[in-house]
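Comments concern the structure below.
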Amino acid sequence: MSRTLAELQKQFIRALHYEADGESCDISSHTIDAEQKVQIYRNNFILSLSDALSATYPIVLELVGEECFAQLARHHVLTVPLLHGDVNQYGAGFARSIKYFTSLVEEFPYLVEVAEFEWAIDLAEQRCVQNRQETHCRPLSDLAHLNPEQQARVQFELIPNITRFRSQYAVFSLRHGITTNDVSTLDLYQAQAGVIGCNNQGKPWSVALNSAAFELVHALACGHPLSELDSNLLGELQTLLAHELIAGFHL
């Protein structure tokens, strides 16, 4: 009995993941047999998705090298199904795939969190492209015209589409060091926290913050007015302003 197109497609996907052979996919060829032909498809399938992963995880690639990364990518491709034609979301879960290689994680204990950091950067870039938000708040210059009662009610608004990220490793400094080709003073085994976002041109950026500044970002994201902020956090407002993380304010 002939199979439907949907059944053939499902079987072909299974073959790409080495869960079926070429003969079961009704593949015909006059020059090579069905299994050889499906192997060509497999190689191209794995290579194209591996290229997508290397574009999403350049720091992981830099840390482990091309040969090791190819093994990581191959494992991810063969165990994580491609559910959509758009490969932008395919990098999700790569950190979990890395955990499968226990000896590698023992050698590079920071590798999983580096992958999680890079995925957060990629998501920030996607949000910037897909959802360009505009702020509707008062400019910071208006603060000079507020009376004390109004100042207490000020709610600062963060710039759009920023993501908070915390790690037990110095992932922000690692990214900066690789970008500038200078990791001579890097100590990866220092915990770091900070924020991730994109500029107006869609280029991702990341900024490390001290613990108080990071807590302040969280408080502002929750909508707390100045009157509710701890005095230790208020001292970090200048830090956020210096990094241009505050878009304006509301009353």
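The values are calculated or read from the model by the stated rules, or taken from the named source; none is laboratory data. Because the structure is predicted, anything quoted here is derived from the model rather than measured. Note: ideal-geometry Cβ built from the backbone for every residue, glycine included; neighbour counts use all protein chains shown.
Structure notes:
- Flag for Leu63 being assigned to a helix (DSSP H, G or I), at pLDDT 95 or above and closer than 19 Å to Leu123 by Cα: no
- Put simply, of Ile46, Ile40 the only residue that is surrounded by 18 or more Cβ atoms within 10 Å (Cβ to Cβ) and modelled with pLDDT of 60 or more is Ile46.
Listed here are the residues, each with its yes/no results for (1) buried (at least 16 other Cβ atoms within 10 Å of the Cβ); (2) modelled with pLDDT of 90 or more.
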position: Leu186; (1), (2): no, yes
position: Gly202; (1), (2): no, no
position: Ser206; (1), (2): yes, yes
position: Asn210; (1), (2): no, yes
position: Phe214; (1), (2): yes, yes
position: Val217; (1), (2): yes, yes
position: Ala221; (1), (2): no, yes
position: Leu229; (1), (2): yes, yes
position: Phe249; (1), (2): yes, yes
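- Whichever residue in region 174-208 is of a type in the set (S, T, N, Q) and within 16 Å of the chain's Cα centre (by Cα) and, among such residues, is nearest to Ile59 (Cα to Cα): Ser206
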